[in-house]
Amino acid sequence: MTEASVTADQRWVTLGCLGKTHGLQGWMWVRSDCDPADAIFEYQPLRARQGKQIMDIRWEKSQIHAKGMIAKVVGIDTPEQAKAWISALLEIPRDALPDAGKDCWYWADLEGLAVIGIDGREFGLVDHLFDTGGGAIMSVRKAGLEVLIPFVMDQVVQSVDIAAKQITVDWDPDF
């Protein structure tokens with residue numbers, strides 16, 4: 001394990017997290033937000049962040065199971081070592097991600113954008129997005145209040161303008 005080198009201005013994007021230990025050789029369950037899920041094993045440079053602790057991640061081995069994925073991290077060889085990294089976020093520098101493509105965005109790029117209704121109403125700023133299994137939901141916050149808005153293009157979300165830092169939605173604020 002080595003300390004990850006991080007510059008103060010570098011933006012990191014979370015791709016998943018490490019889970020519980022598996023077995024006696026330091027294997028851990030891995031939760032991935034990638035699509036497909038096992039793509040997380042291809043990204044580099046990757047780091048684990050647990051509070052203020054940071055570790056560069058290199059995968060020694062990985063396996064897909066019916067209940068998810070497990071992996072062995074280089075330098076973690078015992079369950080005791082692995083336990084220190086349970087729930088650690090797996091992150092990559094934003095500039096290391098490939099281009100998302102036309103009309104596609106990484107969730108991290110949407111965070112902080114202003115959400116405006118088609119009638120000009122200001123809903124607030126995107127705090128984060130999450131997947132319900134039925135689709136993505138934006139958590140939009142303004143003055144301490146949270147509004148949940150489905151991220152459904154052309155139905156709810158009318159436009160996304162990264163340069164203008166704005167998302168336009170057709171959404172009833174009383175829903």
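Which of the residues spanning region 132-141 are surrounded by 12 or more Cβ atoms within 10 Å (Cβ to Cβ) and either out of contact with any helix residue (DSSP H, G or I) (no Cβ under 9 Å at 6 or more places or on another chain) or among the hydroxyl-bearing types (Ser, Thr, Tyr) (or both)?
Ile137, Ser139, Val140, Arg141
Tell me, yes or no, whether region 95-116 has at least one residue that is modelled with pLDDT under 95, within 20 Å of Ala37 (Cβ to Cβ) and of a type in the set (Ser, Thr, Tyr).
yes
Which ones in region 151-163 are touching a residue at least 24 places away in the same chain (Cβ under 8 Å) and either part of a strand (DSSP E or B) or in contact with a Phe, Trp or Tyr (Cβ under 6 Å, 6 or more places away or on another chain) (or both)?
Met153, Gln158, Val160
Of all residues in region 91-109 being over 22 Å from Ala48 (Cβ atoms) and not charged (D, E, K, R), which is surrounded by the fewest Cβ atoms within 10 Å (Cβ to Cβ)? Show your work before the answer.
We begin by selecting, within region 91-109, every residue over 22 Å from Ala48 (Cβ atoms); these are 99-105, 109.
Filter once more, so that each one left must be not charged (D, E, K, R): 100-101, 104-105.
Values: Ala100: 10, Gly101: 7, Cys104: 10, Trp105: 15.
Step by step, filter region 91-109, then rank; the result is Gly101.
Of the residues that sit in region 164-175 and are part of a loop (DSSP other than H, G, I, E, B) and not charged (D, E, K, R), which one is surrounded by the fewest Cβ atoms within 10 Å (Cβ to Cβ)? Step through it out loud before you land on a result.
Within region 164-175, the first condition is being part of a loop (DSSP other than H, G, I, E, B), and the residues that meet it are 164-165, 170-175.
Next, only the ones that are not charged (D, E, K, R) stay: 164, 171, 173, 175.
Working: Ala164: 12, Trp171: 23, Pro173: 11, Phe175: 8.
Among them, the one singled out is Phe175.
Restricting the search to region 117-150, which residues are in contact (Cβ under 8 Å) with a residue 24 or more places away in the chain and outside any strand (DSSP E or B)?
Ile118, Arg121
Considering only region 46-69, state which residues are outside any strand (DSSP E or B) and at pLDDT 95 or above. First the steps, then the outcome.
Narrowing region 46-69 to residues outside any strand (DSSP E or B): 51-52, 58, 66-67.
Matches in region 46-69: Arg58 only.
Of everything in region 116-131, what is of a type in the set (A, V, I, L, M, F, W, C), surrounded by 13 or more Cβ atoms within 10 Å (Cβ to Cβ) and closer than 26 Å to Leu15 by Cα? Give them in sequence order.
Within region 116-131, Leu125, Val126, Leu129 meet the criteria.
Here is a yes/no grid of residues against (1) among the polar types (S, T, N, Q); (2) over 20 Å from the mean Cα position of the chain (by Cα):
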position	(1), (2)
Gln10	yes, no
Gly26	no, yes
Arg31	no, no
Pro36	no, no
Leu46	no, no
Ile54	no, no
Leu113	no, no
Gly124	no, yes
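The values are calculated or read from the model by the stated rules, or taken from the named source; none is laboratory data. From a predicted model like this one, the values you see are computed outputs, not experimental measurements. A quick note on method: Cβ atoms are made from the backbone with ideal geometry, for glycine too, and the neighbour counts reach across all protein chains shown.
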